Amino acid sequence: MTTDVPVDETGSYEEFVAARSASLFRTAYLLTGSRPDAEDLLQVALVKVYAGWRRVSKAASPEAYARRTLVNAFVSSRRPARFTRERLVHSPPDAAVRDPDPDDRLALWPLVAALPPRQRAVVVLRFYEGLSEREIAETLRIAPGTVKSTASAALAALRLTIGEQS
Amino acid sequence: MSDLGQRLADELRSVADHLGTPYVDAAGLAAAGRRESARRRVATGLLAGAAAVVLAGGLLTVLPRDGARDTVPAGPLGTDRALDRPLELPWWSPEDQILHVAGAEIPVDATAIVQVGGRSLVAQQVGGETTWETVDGGSRRRVGGTGEILGAPVAGPDGRLAWVERSSAPGTTAPAVWRQEDDGSGTGQTRPDWRGRTIEVVASQARRASLVTVDGELWAWDFDEPRPTRVTGAPGDLALGSVAPRPGGVAALVDGRVVAAQVDPDGRFHVEWETDGDGSGAWSADGEQYAEVADRRLDVATRAGTVGMPLEHDDLRVIGWESDSEVVVAQWVEEDRAVTGVWRCSAVELRCAEVADAPNGRVLLPGL
């Protein structure tokens, strides 16, 4: 049953938003690759956080909760071009990426932005947020082994594109 | 951390550091959150106070008003203690090649899972051919004889399986025969004029009759009869794939509608009721309810009418029923070829909850 958050706790929510939104926005941008999309994603996540604020505010890490909400809202919001029944395959499809400019200081960023959503989320959580494999698994509600395989697939795709030895 | 990993970390941090601080209206977000909470309470009140309800077959059903579709909006997907229990339908993990079913974990290599008549069937690719096994109480048993099974087996209300099997007669163009389980041994039936034609078993009803389409013709075989019977009165030409199993009967796709039908003892096809749909949904265990996702809505149809609930996410599809009132939907992202969420929806309460510890990623679920 959802109920309104009391006024005094609304104040604490606003304080939380003021203190954490910049950090959450950066994560949202790294996930979406677009400022408007990041702002939308952040808003969706923070509204969800408000709905559960009575419980979230008492959690050990409200920011971790907000980050989980943000990442899962991103992963589950994808809209494919076509809805078909497909048989699962054992290796992920290669991501279509443009050739990076070797002189480009941000050579990897466009490639990361082109990764499929789950791979992108794992890369951001691991290499930007610095989360452990277990923490990523808890955030995305997947098995630690799936985190490992997803990260491996993402790095393999990046290496393939930039021509490094795996 | 590897060199690539360090580069990633450095570049992502550089991108993030150059973003600046966004403007966030915290008070506005709180107001939006309060409106969202209020909307959920109003939707629940509408359901309780305004809709006409009847008891049909033990299931609380919301009737449409004036024949129109009753689409009382429920809240978006949320967490509820009663609905968020772990998944009870079977699922398979490619990572450890374990089939999770009925609380058991069974090692098996699988390319498909089908839930038929309360039984789990697992398909495997062996030497270019597909074999099927039943999984009952942790034990596995191959379906069929030595011939390759074409298509997926179907099960009747008594759990008896029927399937089409390529004849193994050497030196001949092997016609497909269809068999039904008979105390495990299987008995076959075919006709000479079916040689070279495409056969697909599509349903198994009471009285142990199977329905088989032969190039668009519908045939029924009562196990106690020596030969099959051509079904009459079926709507138009039933192409392969337009007739499907339905517990206790048969389903058909006719002119963009999903039709619940029966084949009478005299071999006549008669329609019991019909609803909108493209056939991508699933039937309840008694064949009296049909659930399908379309346009971000989960619709549950019965012969009394249809009720629906809006869904918050895209890419959802029905993967099965867990009781006479609970439908499980999964989010399938084609780009990742993976499941990214599983929800359990109540056809009575018109609300959904995300399943706890749901399998995500490259897992197999019924129908996927």
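The values are calculated or read from the model by the stated rules, or taken from the named source; none is laboratory data. In this text the structure is predicted, and so the values were computed from the model without any measurement. As a convention, Cβ positions derive from the backbone with ideal geometry for all residues, glycine included, and neighbour counts pool all protein chains shown. Side chains are part of the model used for accessible areas, which takes the heavy atoms of the whole protein and leaves out ligands, DNA and RNA. Shrake-Rupley method; radii C 1.70, N 1.55, O 1.52, S 1.80 Å.
Scoring A:TYR29 on the criteria (1) within 8 Å of chain B (Cβ to nearest Cβ); (2) closer than 17 Å to B:ASP314 by Cα; (3) open to solvent by 10 Å² or more (accessible area, probe 1.4 Å); (4) not acidic (Asp, Glu) leaves a single failure, condition (2).
When you look at B:ARG303, is it charged (D, E, K, R), open to solvent by less than 10 Å² (accessible area, probe 1.4 Å) and at pLDDT 90 or above, yes or no? In short, no. Identification of helices (runs of 4 or more DSSP H) wholly contained in region A:96-166 with 1 or more residues that are of a type in the set (Phe, Trp, Tyr) and modelled with pLDDT of 80 or more yields A:109-113.
Listed by position, the strands (runs of 3 or more DSSP E) enclosed by region B:92-162 that each have at least 3 residues that are over 21 Å from B:GLY248 (Cα atoms) are B:98-101, B:104-107, B:119-126, B:129-136, B:139-142. Of all residues in region B:281-300, those that are open to solvent by less than 30 Å² (accessible area, probe 1.4 Å) and hydrophobic (A, V, I, L, M, F, W, C) total 5. Of the candidates A:ALA19, A:ALA64, A:ALA45, the single residue that is more than 9 Å from chain B (Cβ to nearest Cβ), in contact with an Asp or Glu (Cβ under 9 Å, 6 or more places away or on another chain), part of a helix (DSSP H, G or I) and closer than 19 Å to A:ARG141 by Cβ is A:ALA64. With the structure loaded, tell me whether B:VAL328 is surrounded by 20 or more Cβ atoms within 10 Å (Cβ to Cβ), in contact with an Asp or Glu (Cβ under 7 Å, 6 or more places away or on another chain) and modelled with pLDDT of 90 or more or whether it fails that test. So B:VAL328 passes the test.
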